[in-house]
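Undergrad: Mind having a look at this structure? Questions to follow.
The values are calculated or read from the model by the stated rules, or taken from the named source; none is laboratory data. Fair warning: this is a prediction, and the values are worked out from it, not measured in the lab. Here the Cβ positions follow ideal geometry from the backbone for every residue, glycine too, while neighbour counts run over all protein chains shown. Remember, those area values only see protein heavy atoms, side chains included, never the ligands or the DNA or RNA. Shrake-Rupley method; radii C 1.70, N 1.55, O 1.52, S 1.80 Å.
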Amino acid sequence: GRFTRTAHIDPSAHDAGTVYIAANRYQQDDFAPYLWKSADYGRTWTKIVNGIPRTAYTRVVREDPKRRGLLYAGTEYGVWVSMNDGAAWQPMQLNLPRVSVRDLRVHQILEGTNEVMRVIISRDLLGN
């Protein structure tokens, strides 16, 4: 059957009516990224995947808790960042290997600075 799996929902820290959704369809052999944003309490949705490769299916989307419009997306091939609320994305590899990123956390390490923590789940690490 055809279905889309909702992988993650992230309500905005800056606007009560805004929410971001990451979804995927890789189990249907559709490896495209699926990220959406609603700014009107879910009445309408905008797809926000410009710049993410067509085969980098999405696992998670997070909004920066301090900076409005700064988003992070975890895909099957690493992390992507958008500085304009999802209008355009660019890779955020930072010399790290291309791995599946299943979750992200934005962690404040010093006053006024943030660090993105990647949560990587791998079958090899778990012994499966």
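Undergrad: For region 34-45, indicate whether the set of residues that are touching a Lys or Arg at 6+ places or on another chain (Cβ under 6 Å), at pLDDT 95 or above, β-branched (Val, Ile, Thr) and surrounded by fewer than 16 Cβ atoms within 10 Å (Cβ to Cβ) is non-empty.
TA: Within region 34-45, none of the residues are touching a Lys or Arg at 6+ places or on another chain (Cβ under 6 Å), at pLDDT 95 or above, β-branched (Val, Ile, Thr) and surrounded by fewer than 16 Cβ atoms within 10 Å (Cβ to Cβ).
Undergrad: Need the failing condition index for GLY51 against (1) closer than 14 Å to HIS8 by Cβ; (2) modelled with pLDDT of 95 or more; (3) touching a Phe, Trp or Tyr at 6+ places or on another chain (Cβ under 6 Å), just the number.
TA: (1)
Undergrad: Let me ask something else about it. Taking region 52-71 as the search range and keeping residues that are hydrophobic (A, V, I, L, M, F, W, C) and more than 15 Å from ASN24 (Cα to Cα), which one is surrounded by the fewest Cβ atoms within 10 Å (Cβ to Cβ)?
TA: Step one: filter region 52-71 for residues hydrophobic (A, V, I, L, M, F, W, C), giving 52, 56, 60-61, 70-71.
From what's left, more than 15 Å from ASN24 (Cα to Cα): 70-71.
Values: LEU70: 17, LEU71: 25.
Here the residue is LEU70.
Undergrad: Looking for whichever is on the phi > 0 side of the Ramachandran plot and either touching a strand residue (DSSP E or B) at 6+ places or on another chain (Cβ under 6 Å) or surrounded by 21 or more Cβ atoms within 10 Å (Cβ to Cβ) (or both) here; the options are GLY74, GLY86. Which one fits? Show your work before the answer.
TA: Values: GLY74 fails: on the phi > 0 side of the Ramachandran plot.
Unique residue meeting the criteria: GLY86.
Undergrad: Across region 1-13, which residue is nearest to TRP36 (Cα to Cα) among those that are assigned to a loop (DSSP other than H, G, I, E, B) and at pLDDT below 95? If you could, list the steps in order and put the result at the bottom.
TA: Here is the first cut: in region 1-13, the ones assigned to a loop (DSSP other than H, G, I, E, B) are 1-4, 12-13.
With the extra rule that they be at pLDDT below 95, the set shrinks to 1-4, 13.
Details: GLY1: 22, ARG2: 19, PHE3: 16, THR4: 13, ALA13: 16 Å.
Taking the candidates together, the pick is THR4.
Undergrad: Sort out which residues of region 80-102 are under 16 Å from VAL60 (Cβ atoms), of a type outside the set (Gly, Ala, Ser) and modelled with pLDDT of 90 or more, and write them in order of number.
TA: Of everything in region 80-102, those that are under 16 Å from VAL60 (Cβ atoms), of a type outside the set (Gly, Ala, Ser) and modelled with pLDDT of 90 or more turn out to be TRP80, VAL81, TRP89, PRO91.
Undergrad: Quick one: ILE21 ticks every box in (1) out of contact with any Leu (no Cβ under 8 Å at 6 or more places or on another chain); (2) of a type outside the set (Phe, Trp, Tyr); (3) open to solvent by 20 Å² or more (accessible area, probe 1.4 Å) except a single one, so which number is it?
TA: (1)
Undergrad: Sticking with this one: How do the strands (runs of 3 or more DSSP E) wholly within region 46-99 filter down when requiring 1 or more residues that are under 12 Å from the mean Cα position of the chain (by Cα) and of a type in the set (Phe, Trp, Tyr): which remain?
TA: 71-75, 78-82
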